[in-house]
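Here the structure comes first, spelled out in structure tokens, and everything after it is commentary.
The values are calculated or read from the model by the stated rules, or taken from the named source; none is laboratory data. If you're wondering where the values come from, they're calculated on a predicted model, not measured in any experiment. Note: ideal-geometry Cβ built from the backbone for every residue, glycine included; neighbour counts use all protein chains shown. Only protein heavy atoms, including side chains, enter the accessible area calculation; ligands, DNA and RNA are left aside. Shrake-Rupley method; radii C 1.70, N 1.55, O 1.52, S 1.80 Å.
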Amino acid sequence: MHESAKKLDFPKDFLWGVSTSAYQIEGALHEDGRGPSIWDSFCSEPGRIANGDTAETACDHYHRYPDDVALMATLGVDAYRFSIAWSRIQPNGRGAANPKGLDFYSRLIDALLAKGISPTPTLFHWDLPQALQDAGGWFNRDTADRFAEFARIVAERLGDRVSRWITHNETFEHTVLGHAIGTHAPGQQLGLDIFSVVHHLLLSHGKAVQALRAILPAGAQIGIAQSMARARPASSRIKDRLAAHLLEALHLRMHTDPLLFGRYPLALRLLGIDRSALRAGDLATIAQPLNFLGINFYNPQYVRSAPKGGAVPIEATEPPMHLERTEMGWPVDANGFSELLLYLRKRYRAKLPPIFITENGAAFPDAVDAQGRIDDPRRIAYLQAHLHALRQAMDAGVDVRGYFVWSLLDNFEWAEGYRPRFGLVHVDYSTQQRTPKASFDWYRQVIAANR
Ligand code: IFM
């Protein structure tokens, strides 16, 4: 037994899991009636994705899911978080369901249940049907109703076997990368003019929760997965502290206050954000009671005030030199994890539902040795440090019920293509061979030791 695996001391009923998303692993983009999504269009535009990579085959999970479920069974996870590709279910994002799309997820769920692994689907992990984008995408209020319809269709078919549901993945990243700066699909560059995207995403969440509750059995658990981090100012100067405050308002509070408090943060007014998409009654729809809040954590943000004249008075700054960086260039700073969890407890108090860590992990340049093994001590150290930080926050009273590693497999890392490898399992993309890394074995021991 790996020494570090033994010492974590989590509650016996703590839920251990792994995460993936449809577009990043499935491949089979033209099979069984799947319609095009915004990511298909984005990948087809030259220069958008590093190395010209596409998700055409990705990890071929669409065909190899039985092997991947077998890997999860070896790992010993309690739960698997995956996402459902909307355009497999409704190729044009509206209207009748495509039975073959539903059948795929039904087969996957049955395979998971046969191994005692609890399916945890996310309904939207960024792959909007292209037909809805053509109608205005998340700028169009109607997309929120379309999402609720999609949620209803999925719950009607799969709700008898799925007890834990996630509406959205990271509304902040989808808004900012996809609509403010354009490095992700749909590639729009609208700066701060994105309130209606955020608002319609959150409104669609509320409407989907209502649709799910109307269909699912009473005990169903429903939540959302939001990326979160505290912002650290570059100095103690007021300007930099204000920049950190504004970044947290745009990132964390704008995407969570409406869910838990039923209001947007006041700081949006300071930034002059146009909130005209907000209609009477919307905030009550958004603030549906949740069974859990999913948190995706990778690293804290480092910011300072930007020179005058830019769109926002906030600028990213370099993290302290002594911090290790991952393959993504992200700093490794596990203290930021416990700090975030304690902040959430202080800010939301009784409004804060139980938490699942729905993503945490790191990309490193893994090397395959002559024996075909992948020793990834840096990933093990990252995961171990973050589990320690999580344990500390739980000891201090934060109610965390489970933890999902991002990711089960190396996969298509969006605009970065296949270079960054986040998996516990190495994927050789030319043969599709899966090889568990040393971190896979380490996580298997953590799970076994903490049961
Ligand atoms: O790969 C992504 C995932 O799709 C969403 N959260 C962050 C991960 C790593 O960048």
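Here are the numbers:
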{"quantity": "Net charge dipole size for segment 185-284 [Lys, Arg +1 and Asp, Glu -1 on Cβ; Debye, nearest 20]", "calculated": "260 debye"}
{"quantity": "Cα gyration tensor shape for the chain, rounded if a/c is under 1.5, else prolate or oblate", "calculated": "rounded"}
{"quantity": "Around residue 415: net Lys/Arg minus Asp/Glu count, Cβ-Cβ under 13 Å", "calculated": "-3"}
{"quantity": "Amide H partners (placed H, <5 Å) of residue 170, local residues excluded", "calculated": "225, 226, 227"}
{"quantity": "Over the chain, relative contact order from alpha-carbon pairs under 8 Å, at least 6 apart, %", "calculated": "19 percent"}
{"quantity": "Tensor-based shape of segment 312-406 (alpha-carbon gyration tensor, a/c under 1.5 rounded, otherwise prolate or oblate)", "calculated": "oblate"}
{"quantity": "Förster radius 41 Å - calculated FRET efficiency between residue 321 and residue 276 (Cβ-Cβ, nearest 0.05)", "calculated": "0.40"}
{"quantity": "Segment 62-125: trypsin sites (Lys or Arg not before Pro) falling in loop per DSSP and having at most 15 other Cβ within 10 Å", "calculated": "115"}
{"quantity": "Size of electric dipole in segment 298-354: Cβ of Lys, Arg +1 and of Asp, Glu -1, about Cα centre, debye, nearest 20", "calculated": "540 debye"}
{"quantity": "Centre separation in Å (Cα based) which lies between segment 100-122 and segment 1-54", "calculated": "16 Å"}
{"quantity": "Largest-first ordering by accessible area, 1.4 Å probe, given options 321, 72", "calculated": "321, 72"}
{"quantity": "Hits among aspartates and glutamates - C-alpha to C-alpha of residue 12 under 13 Å, sequence gap 8 or more where chains match", "calculated": "78"}
{"quantity": "12 Å beta-carbon shell around residue 338, net charge (K/R +1, D/E -1)", "calculated": "0"}
{"quantity": "Which of 367, 344, 430, positive extreme of dipole for segment 339-451 (C-beta unit charges)", "calculated": "344"}
{"quantity": "Segment 2-67 - percent relative contact order, Cα under 8 Å, separation 6 or more", "calculated": "41 percent"}
{"quantity": "Residue among 310, 297, 280 farthest towards the positive dipole end of segment 269-320, charges placed on Cβ", "calculated": "280"}
{"quantity": "Net +/- balance of residues flanking residue 378 in space, Cβ distance below 13 Å, scoring K and R +1, D and E -1", "calculated": "-1"}
{"quantity": "Cut-off under 5 Å, modelled amide H: who pairs with residue 359 long-range", "calculated": "295, 296, 297, 404"}
{"quantity": "Simple Cβ-charge dipole of segment 4-71, Lys/Arg +1 and Asp/Glu -1, about Cα centre, in debye nearest 20", "calculated": "420 debye"}
{"quantity": "Theoretical gain in end-to-end length, residue 107 to residue 306 [0.36 nm per residue, Cα-Cα removed]", "calculated": "66.6 nm"}
{"quantity": "Segments 429-438, 291-300, 383-392 sorted - mean Cβ within 10 Å per residue, highest first", "calculated": "291-300, 383-392, 429-438"}
{"quantity": "In sequence order, calculated HN-Hα J values of segment 362-372 (Karplus, 6.51, -1.76, 1.60; Hz; x Gly/Pro)", "calculated": "7, 9, 9, x, 6, 10, 8, 7, 4, 8, x"}
{"quantity": "Helical mean residue ellipticity (222 nm; -39500 (n - 2.57) per DSSP H run of 4+; nearest 500) of the chain", "calculated": "-11000 deg cm²/dmol"}
{"quantity": "Distant-in-sequence amide H partners of residue 400 (H built 1.01 Å from N, under 5 Å)", "calculated": "355"}
{"quantity": "Karplus (6.51, -1.76, 1.60) ³J(HN,Hα), θ = phi - 60°, over segment 258-265, in Hz, Gly and Pro reported as x", "calculated": "x, 5, 9, 9, x, 7, 8, x"}
{"quantity": "Beta bridges per DSSP with both ends in the chain, % antiparallel, nearest 5", "calculated": "20 percent"}
{"quantity": "Whole-Hz couplings from phi, Karplus 6.51/-1.76/1.60, listed for segment 183-191; x for Gly and Pro", "calculated": "8, 10, 4, x, x, 8, 10, 9, x"}
